[in-house]
Protein chains: 2
Amino acid sequence: MESSSALTLSQLPYVYPTIPSTNKNYPFWPASKRRSSQLSTRLQCNKMFVPGFGEATPEAKAAKNLHNFFTYTAVKIVASQLESYNPEAYVELMEFVDKHPLDDGDKFCATMFRESSRHKNLALRIMEVRSAYCQKDFEWDNLKRLAFKMVTDSNTRLMRDYVSETSRSETEK
Amino acid sequence: MESSSALTLSQLPYVYPTIPSTNKNYPFWPASKRRSSQLSTRLQCNKMFVPGFGEATPEAKAAKNLHNFFTYTAVKIVASQLESYNPEAYVELMEFVDKHPLDDGDKFCATMFRESSRHKNLALRIMEVRSAYCQKDFEWDNLKRLAFKMVTDSNTRLMRDYVSETSRSETEK
C-alpha cells in the first residue's frame, strides 16, 4: 500500500490523446488558438492558457480575494485590541459586524464610514490596520510555501485514498 | 478637493486613545495580553496579534483559499484544452461541473475520481494542471504587488469619496 503513495501523476495513463512532440512548449495549449494568435510570442510565453477571467488576470482575482481577507483579518485584530481597553467601541464594532457582511471589504468600510463619526474612526482604524498587516505582518513567502505543500499533499492523498479504496473492494470480491 | 486625496491615515484623528509611548513595539497589542504572556517574546515578535484563527495561521487560511482557486483555474484550463480537440470529454467535464460545486477543490476532485474511469482520468489531469499552475505559472510576486497596490488605492479612494460627499453636502447647505 505504501508504494502507491509514491506514484506521481505523470506516471498514470490518460484517456485523452497526448499532444504531439512538436508542441512541447505548449503542453496544454489548444493547437488552433496557438497557431492563430500566439506565434509571435512563442519564445516569450510558455504558460498554460487560462480562459474566462475577463479583463482581470488570475493574479488580480486572487489579490482581490486576499484584499477582502485582509479586511476581515483587520476587523479581528481591531476587535481584539478594543475588547480589552475600550469595551464600548468593541460592542459597537461587533454590532456593526453582525449587521453587515464582511465578504466585500471595501463596501463594509464605506458603509461604516457613513454610519456615525465614531464608526468613521473605527473604519479608519480598520483601513490602517489592513494596510499595515498586508505590507508588514503577512508572511508572503510562507503563503507560497504552504500553497505548494498543500497542492502536493492533496494530490498524493486523493490518489492514495482512491487506490486504497479500490484495493479493498477488490480484496473483498 | 485634490489635496484631500493626499491625506494619509495617520494624519487623521482617532476617537480611541493612543497607546502610551512605552508600548511602541506593540502599537495595536492590548496591554493586558502583552504583559501576561508576551514578555518573553518581546524582542522576537512585534507583529499585531491576530485572534480567532483556531490552530491555523492566517497564511494557512489564505493558502487553503488559494488552493481552491488553483483547482478552479485548473478546471478552466483543462476545459479550454479539451474544447478544441476532444469535444466529448469537454461536454462530460462541463456536465460534471454543472452538478458539483467547485468551492472545495479536493472534494470536487475526490468525487470526480469515483464517477467513472473517464472522469478519473479527467480528475488526474486537473490535479496535474493545478500543481503545475501553482508551482510554475502563477505569478507570486505579481500577486503581492497587486495586493499592496489594492489596499493603498482602496484606502485612498474610500477617504476621497467620503470627503467629496461631505464637502458637497456642506456646500449645498
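In the set (1) surrounded by fewer than 17 Cβ atoms within 10 Å (Cβ to Cβ); (2) within 30 Å of A:Phe70 (Cα to Cα); (3) of a type outside the set (D, E, K, R), B:Ala147 fails one condition alone, (1).
Kindly evaluate A:Glu172 against the criterion of being surrounded by fewer than 20 Cβ atoms within 10 Å (Cβ to Cβ), within 22 Å of B:Asn46 (Cα to Cα) and of a type in the set (Asp, Glu). No. Just a yes or no: is a residue in segment A:160-173 in a helix (DSSP H, G or I), over 26 Å from B:Phe49 (Cα atoms) and among the hydrophobic types (A, V, I, L, M, F, W, C)? Yes, segment A:160-173 has at least one match.
Considering every residue within segment A:122-130, establish whether at least one is over 17 Å from B:Met48 (Cβ atoms) and either facing chain B (nearest Cβ under 7 Å) or open to solvent by less than 80 Å² (accessible area, probe 1.4 Å) (or both). Taking every residue of segment A:122-130 in turn, at least one turns out to be over 17 Å from B:Met48 (Cβ atoms) and either facing chain B (nearest Cβ under 7 Å) or open to solvent by less than 80 Å² (accessible area, probe 1.4 Å) (or both).
Taken together, the residues in segment A:131-158 that are within 8 Å of chain B (Cβ to nearest Cβ) and in contact (Cβ under 8 Å) with a residue 60 or more places away in the chain amount to 4.
All of A:Ser80, A:Ser117 fail the test of being open to solvent by less than 60 Å² (accessible area, probe 1.4 Å), at the interface with chain B (Cβ under 10 Å from one of its Cβ atoms) and either over 18 Å from B:Thr152 (Cα atoms) or under 27 Å from the mean Cα position of the chain (by Cα) (or both), apart from A:Ser80. Looking across segment B:102-111, the residues that are at pLDDT 95 or above and either in contact with a Leu (Cβ under 8 Å, 6 or more places away or on another chain) or more than 9 Å from chain A (Cβ to nearest Cβ) (or both) come down to B:Asp104, B:Asp106, B:Lys107, B:Phe108, B:Cys109, B:Ala110, B:Thr111.
In this structure, A:Phe69 does not satisfy being within 7 Å of chain B (Cβ to nearest Cβ), surrounded by fewer than 20 Cβ atoms within 10 Å (Cβ to Cβ), hydrophobic (A, V, I, L, M, F, W, C) and assigned to a helix (DSSP H, G or I). Restricting attention to segment B:91-106, does a residue exist that is in contact (Cβ under 8 Å) with a residue 60 or more places away in the chain and crowded, with 18+ Cβ neighbours inside 10 Å? For segment B:91-106, residues in contact (Cβ under 8 Å) with a residue 60 or more places away in the chain and crowded, with 18+ Cβ neighbours inside 10 Å: absent.
For segment B:62-115, which residues satisfy the criterion of being among the small types (Gly, Ala, Ser) and over 29 Å from A:Asp103 (Cα atoms)? The answer is B:Ser80, B:Ser84, B:Ala89.
The values are calculated or read from the model by the stated rules, or taken from the named source; none is laboratory data. Note that the coordinates shown come from a computational prediction; the quantities given were computed from them, not determined experimentally. In this analysis, Cβ positions are derived from the backbone assuming ideal geometry, glycine residues included, and neighbour counts consider all displayed protein chains. Surface accessibility is based on the protein's heavy atoms, side chains included, excluding ligands, DNA and RNA. Shrake-Rupley method; radii C 1.70, N 1.55, O 1.52, S 1.80 Å.
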